[in-house]
Every structure is written in C-alpha cells, then in structure tokens.
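Got a structure for you, questions after.
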Amino acid sequence: MRHPDIVVGTDGSDPSRTAVRWAAAEARRHDTPLKIVTAYTWNGPAEALGGVADLPDVVAQQFDRMATAAADEARALEPGIEVSSTAVIGDPASALLRASRTAAMLVVGNRGRGGFASLLLGSVSQQVATHASGPVVVVRGRRETPSGPIVVGVDGSASAQRALALGFDQAQRRGCGLLAVRSYPVPMPPYGPDMPLLLYDQDAAARDTARDLDTILTPWHDKYPAVRVKTLIEPGSPAKNLIDASRDAAMVIVGSRGHGALIGGLLGSAGQQLLHHADCPVMIVHPEQP
C-alpha cells in the first residue's frame, strides 16, 4: 500500500541538497509529508555491524546531524510542510529502493559523494531510477527550475499513459503548460548500388503520428481542461527530441519502458539518456505494483 509521503535521499552533497530543496517544494505543492533518508555504510569491526546502536557515537551522530540539517533546511524553505528524517545503516541504494515500495514519489540528486566530479550520473541514482517501485525523480540540470512546461514523452505504451497522468497532474498543480513529445522513425536509406529505392513519405508519417497523438491526448484534455497543451512531433531519436525539449522545461516525464525498449528491460534508452543529459529534473514512471 502506498502512502502519500515524498521520500528524498541525501548524503550531504550539493546535488542531494538540491534534491531536498526540490522535494520540499513538491511536498508543499501536494500538501503531503516529506521524509528525508540518509543511508550509509561503515567499515568498522564486523561485530559493530548489527545496528546503529553498536556504532561509535561519533559516527552515528554525524549521520543523524546530516539528516536533521536537511530536515531543518526543508522546513526553512517551505514553512508548514510536515518533515521527518532518519539515518539508517546499510547500502544507500537498497535503503532508498525499500522506501520506494510505499512512497508516493522518490527523489534523488543526480550524483552523490561517492561519484567522481566528472560523472554525469551517480551509481545510487542509476540503481534507484532503474529499479524503484514507483515514480522516481532525479534532480539534475539547472539548479533552479524555471516556469517552463512539463514535458512528457508519449509513445502509445501503457507506461507513457502513466507518465501522462502524472504530467497533467504536475502541470495543474504548478499552473503551467504541458508539452507532449512524440517521435516517429525515419528509415535508413538502402545501402548498396543494387538495393531498390525506399519509398517513404515523411509528411504522411508526421501526419499519422500527429493524429495518433491527438487521439491519445483527447481524454486528458477533457479531464484537465485548464492545462494548456502543446504537442511536438519530430522525426528521429525520442531521447534526442526529449533532451532538446528539456532545455526550456520544468520537468521531463517518461515511462520506464516504452515501445522502443528491449523486452524485459527495466529502463528504456530514452530514460537512460535523459538521466545523463537532460537540462531539468527527470521523472521516471515505473509500472504499478500489484
């Protein structure tokens, strides 16, 4: 059973502090509690791994203070929201994945203390975005989110429908527009002198794609009449088109698996590339758990 809490992971790094600030604003928009989680490992004696109580006080207190400081910052930024914090011993990715099983949303920064400065996406963020049970937001790109649209990648899959549901909800809460992005493939030209010419009408492909997108969006127009909706129909790579759209967006939302993903893949190519290269926070929408 899911609870309304928004859970955010922090390790005290600048990207994770940015994630806490983003999550605090999100908790205010949703009028929902915010839970801050700090998880850590400790390379002490084996007999001390039974729990936080067995650790030297200075170690446990350090991480407790980190979680408390993050909670204090969240309250200062968004007075009135309900905030709790906890520091737990264990693998950070595993702790956050457990939290995602019941959270309404899980928020992480794009990189923590464990990553090299040159890396675009930290290993914890990657694992959480790939394996979480519910919606995950990786806060990356611009430090301050502009008043741009919510961008949603739409490919007709069930995962994209869930992304649209959250995208319209986000746009309504923020009072901003929604940009639905749909890509269509352009076939590779034939290779070799004896290959027949490929008959392909790109204008017709664009019209067919636009018609399909209009059909998908119609029920959402009816449900959210106040949300201003625009569409972007582009040939080529969905990931490139979404990354381009992210430059002016408040957030990009995609399903964890689209029609282009390998069967059994946990995170499609577009989602992977957005997590590395988008210029704004990215929400990955995972399938509903039974």
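Near the amide H of S157, under 5 Å away, which other amide H atoms are found, from residues 5 or more places off or on another chain, if H is placed in the peptide plane?
It is H259, by chain and number.
A follow-up question, please. R247 to V59: FRET efficiency via 1/(1 + (r/R0)^6), r the Cβ-Cβ distance, R0 41 Å, to the nearest 0.05?
0.45
Name the residues whose placed amide hydrogens come within less than 5 Å of the amide hydrogen of V83, ignoring near sequence neighbours (fewer than 5 apart) on the same chain.
The answer is L34.
Taking the Cα centre of the stretch 202-251 as origin, work out the dipole magnitude from +1 charges on Lys and Arg Cβ and -1 charges on Asp and Glu Cβ, in debye rounded to 20.
So the magnitude is around 180 debye.
Would you please give the residues with an amide H less than 5 Å from that of C280, counting only those at least 5 places away or on a separate chain, with H modeled from the backbone geometry?
The list, which skips near neighbours in sequence, is R142.
Give the order of T130, T102, T38 when sorted by the count of other beta carbons within 10 angstrom, beginning with the fewest.
Least to most surrounded, the residues fall as T102, T130, T38.
Of S147, S256, how do they rank once you tally other Cβ atoms within 10 Å and put the fewest first?
Final ranking by Cβ density, sparse to dense: S147, S256.
Read-outs throughout are calculated quantities, based only on the coordinates presented, and are distinct from any laboratory measurement. None of these values were measured; they are calculated from a predicted model. Here Cβ is always computed from backbone atoms with ideal geometry, including for glycine, and neighbour counts include all displayed protein chains.
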